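Here the structure is laid out as structure tokens; the discussion comes afterwards.
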Amino acid sequence: MEIKEKKEKDDGEALRKAKKKLATTVNRAKNQLKDAGIQARKDEKARLARIVEYRLKDELIPVEDMAPIREPDKHPTIIERARCEEDFYPDLQLVVRQLTASLSNLAPDRLEAPNTFIDIDGDRDEDVVINTTERKHQKERVGEYIDSSPPHLTYPDSSDMESNTGSIDSIQANADFVQF
């Protein structure tokens, strides 16, 4: 009885640590995105100041200063948004589910990773969905190989044509040449 209670206590502590690690990972990704946004705003402010200096000096603006700098926290890419969600970390979620299953007396070896999807905008009718489960692909067996390439064309040898129809050499045909 004591062994079972100790195991449940240890599993409960491991579950708490696994949930904390998942939350920490998500929060770290959010903070990195926020820091990148702050740095982008600083860079954009410096870029605009350089443009003003170039205009005052009546110089051409360099190519690297022409495009505005994107703020990752305000306009994140799909991957940047996905990293801020728990669904982006299926391995950590699997550990949490396995520990939850062991606490609820389910067999953790029978627990499989569910088909997790990351919904980017929060709209369920968006076309962009990232599937985070592993897929095992197998080669398709094809019964008989059928060559689908076009048939090879056979061209007559030019040396055979010369002997039959006479020379097609332009010099022998008295062709007119233009001097350059």
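Sorted largest first, the spans of the alpha carbon positions of the stretch 17-113 along the three principal axes are 75, 20, 14 Å.
Applying a DSSP loop filter and a limit of 11 other Cβ atoms within 10 Å to the GluC sites (Glu not before Pro) in the stretch 45-109 leaves 59.
Here the stretch 17-69 is treated as a Stokes sphere of Kirkwood radius computed over C-alpha pairs; at 37 °C and 0.692 mPa s its diffusion coefficient rounds to 243 µm²/s.
3J(HN,Hα) along the stretch 37-51: x, 5, 5, 5, 5, 5, 5, 5, 5, 5, 5, 5, 5, 5, 5 Hz, from the Karplus curve 6.51 cos²θ - 1.76 cosθ + 1.60 with θ = phi - 60°, whole Hz, x for Gly and Pro.
Across the options 38, 77, 12, the greatest Cα extent toward the positive end of the charge dipole of the stretch 1-82 (unit charges at beta carbon of Lys, Arg, Asp, Glu) belongs to 12.
Taking Cβ atoms as reference points and 11 Å as the exclusive limit, the residues near residue 73 contribute a net charge of +3, counting Lys and Arg as +1 and Asp and Glu as -1.
Under the combined filter of DSSP loop state and at most 15 neighbouring Cβ atoms within 10 Å, the stretch 1-94 retains these trypsin sites (Lys or Arg not before Pro): 57, 70, 74.
Every read-out reported here was derived from the displayed coordinates using simple, explicitly stated rules and does not represent laboratory data. Bear in mind that the values here come from a model prediction, so they are computed numbers and not experimental data. We place every Cβ from the backbone using ideal geometry, glycine too, and count neighbours over all the protein chains shown.
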